[in-house]
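This report concerns only the one structure given below.
The values are calculated or read from the model by the stated rules, or taken from the named source; none is laboratory data. Bear in mind that the values here come from a model prediction, so they are computed numbers and not experimental data. Cβ placement follows ideal geometry from the backbone for every residue including glycine, while neighbour counts extend to all protein chains displayed. For the accessible areas, the whole protein counts, side chains as well, though only heavy atoms, and no ligand, DNA or RNA atoms are used. Shrake-Rupley method; radii C 1.70, N 1.55, O 1.52, S 1.80 Å.
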Amino acid sequence: MKHIILLLGCLGCLFAGCSEPSYRLTVSIYGNGSLPGDTVYLYRFNEETLQFEKGDSAMLDDRQQVCFTGKYTGPEFVCVGVRKKATSKFFMLDSTEVFAYNVLLHEEPNFFNPSGYKLTKKYMIVEGGRESAILDYYQGMERLTLLPDQLKSGDAFKEGVMMDMLVKFPNSRAMLMILNNERKRFLMDRLGEALSLFDSPELIGHPLYKELVAYREAVMKTSVGQVVPDFSLPSMNGEEVAIRSFRGKYVLLDFWASWCGPCIGEMPNVHKAYDLLHDKGFEVISISTDRKESDWRKAMKEKQMEHFVNLRDTKGVLHEIFNRDAIPFILLLDPQGRIVAKELRGKDIYEVAIESMNK
């Protein structure tokens, strides 16, 4: 009997040793926006959709804390959010015991933050494994961009910080996420250099790494000097118009929307470019990203755009081909369809076109 009990005890220890470890994430939220009883959500990063998805939830207790537990299957990206208030920046659950502290502030609501609540990045502290330490280090370095002597070169400074950290902290999941979030700050050659610093098969096969590679390849196809990929979009009368049909002319592509203040602000410069150069073989193709056709047509009439080639981006061309979500986005194409210049603003909208056509 003693032998049987001993055997069962040994088997129990063996199964316990083989079982997956569990994690414990303790989150403390303070500040003038947090209240005991607030529902706090744990968001987990879905590596298939590359999006954070709502998972477990718990109520903030009298100590301003919640605790999430579960099986620890390896490092993962997570963030927390307070119901109807705010969501934190992402951090890493890369240890079985992690503590996160944040401050939830309530300020005067504004256009960009109607609720007025925000979980501050500045006051967020995460205690856990290596990746959490890397994130804390990056956030500290990132704050240096707010110094007066760094404001003008913020993008270049951030790029330099990230490159240094990729060398200092090789094969970091946290750096992979940071690089993905900040990819638009990089020139494509520099981004290629950054990607080459990862040599772990696990990270090279990670969906975020593959996403960065795909992003770089797509941007390279629409870099200055490349022939713009052909696409077609519906015009005012519903006819599909192909961009390649304008070969032989200089073309200004103007992605805009009726609700976009900066887009409307550039409209006089777009009109000036058309007035100065249309008779010399120059065309303006105005591409609206308005969701409602009625808004598009109303704005065209108000801004007297009938003489442009007016198309509507019903196919997500701005994002799918040009990897852009922000507008205005204005490009100049030469008669062969090559991209002469991108991100044109102000007087460059007509001056760059004049200079190109006079060569």
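Hey, does region 235-253 have a residue that's in contact with a Phe, Trp or Tyr (Cβ under 7 Å, 6 or more places away or on another chain), within 30 Å of Gly281 (Cβ to Cβ), in contact (Cβ under 8 Å) with a residue 40 or more places away in the chain and open to solvent by 30 Å² or more (accessible area, probe 1.4 Å)?
Taking every residue of region 235-253 in turn, at least one turns out to be in contact with a Phe, Trp or Tyr (Cβ under 7 Å, 6 or more places away or on another chain), within 30 Å of Gly281 (Cβ to Cβ), in contact (Cβ under 8 Å) with a residue 40 or more places away in the chain and open to solvent by 30 Å² or more (accessible area, probe 1.4 Å).
Please specify each residue of region 112-126 satisfying the condition of being among the hydrophobic types (A, V, I, L, M, F, W, C), in a strand (DSSP E or B) and open to solvent by 60 Å² or more (accessible area, probe 1.4 Å).
Matches in region 112-126: Ile125 only.
Of everything in region 283-311, what is farther than 11 Å from Phe255 by Cβ, touching an Asp or Glu at 6+ places or on another chain (Cβ under 7 Å) and open to solvent by 20 Å² or more (accessible area, probe 1.4 Å)? Give them in sequence order.
Val309
Within the group Asp334, Asp348, which residue is open to solvent by 30 Å² or more (accessible area, probe 1.4 Å), acidic (Asp, Glu), over 17 Å from Cys260 (Cα atoms) and at pLDDT 95 or above?
After applying the criteria, what remains is Asp348.
Could you check region 178-226 for helices (runs of 4 or more DSSP H) lying wholly inside it with 2 or more residues that are open to solvent by 30 Å² or more (accessible area, probe 1.4 Å) and among the hydrophobic types (A, V, I, L, M, F, W, C)?
Values: elements: 188-196, 201-204, 207-221.
The qualifying helices (runs of 4 or more DSSP H) are 207-221.
Inside region 152-177, can you point out the residues that are in contact with a strand residue (DSSP E or B) (Cβ under 8 Å, 6 or more places away or on another chain) and open to solvent by less than 20 Å² (accessible area, probe 1.4 Å)? Explain how you work it out, then say what you get.
From region 152-177, those in contact with a strand residue (DSSP E or B) (Cβ under 8 Å, 6 or more places away or on another chain) are 173-174, 177; that's our starting set.
If the condition is that a residue be in contact with a strand residue (DSSP E or B) (Cβ under 8 Å, 6 or more places away or on another chain) and open to solvent by less than 20 Å² (accessible area, probe 1.4 Å), then Ala174, Met177 are the ones that fit.
From the list Lys301, Lys359, which one is more than 28 Å from the chain's Cα centre (by Cα), part of a loop (DSSP other than H, G, I, E, B) and modelled with pLDDT under 95?
The unique qualifying residue is Lys359.
Within region 79-100, does at least one residue satisfy the condition of being crowded, with 21+ Cβ neighbours inside 10 Å, modelled with pLDDT under 95 and among the hydroxyl-bearing types (Ser, Thr, Tyr)?
Yes - at least one qualifying residue is present in region 79-100.
What do you reckon, is Val103 closer than 13 Å to Leu119 by Cβ, part of a strand (DSSP E or B) and open to solvent by 30 Å² or more (accessible area, probe 1.4 Å)?
Yes; evaluated as a whole, the condition is true for this residue.
Mind listing whichever residues of region 241-269 are within 29 Å of the chain's Cα centre (by Cα) and in a loop (DSSP other than H, G, I, E, B)?
Hits for region 241-269 are Ala257, Ser258, Trp259, Cys260.
Show the residue pairs meeting these rules: Cβ distance below 9 Å; 6+ apart or different chains; first residue within region 268-282 and touching a residue at least 24 places away in the same chain (Cβ under 8 Å) and more than 13 Å from Gln304 (Cα to Cα); second residue buried (at least 20 other Cβ atoms within 10 Å of the Cβ) and small (Gly, Ala, Ser).
Close Cβ pairs satisfying both conditions: Ala273/Ala353; Leu276/Ala353; Leu277/Ala353; Phe282/Ala273; Phe282/Ala353.
Assuming Thr314 fulfils every condition listed in (1) open to solvent by 10 Å² or more (accessible area, probe 1.4 Å); (2) farther than 11 Å from Ser235 by Cα; (3) in a loop (DSSP other than H, G, I, E, B); (4) not hydrophobic (A, V, I, L, M, F, W, C) apart from one, which condition is it?
Tallying (1) open to solvent by 10 Å² or more (accessible area, probe 1.4 Å); (2) farther than 11 Å from Ser235 by Cα; (3) in a loop (DSSP other than H, G, I, E, B); (4) not hydrophobic (A, V, I, L, M, F, W, C), Thr314 fails exactly one: (2).
Do you know which residues across region 44-64 are open to solvent by 70 Å² or more (accessible area, probe 1.4 Å), part of a strand (DSSP E or B) and over 18 Å from Glu76 (Cα atoms)?
Across region 44-64, the qualifying residue is only Met59.
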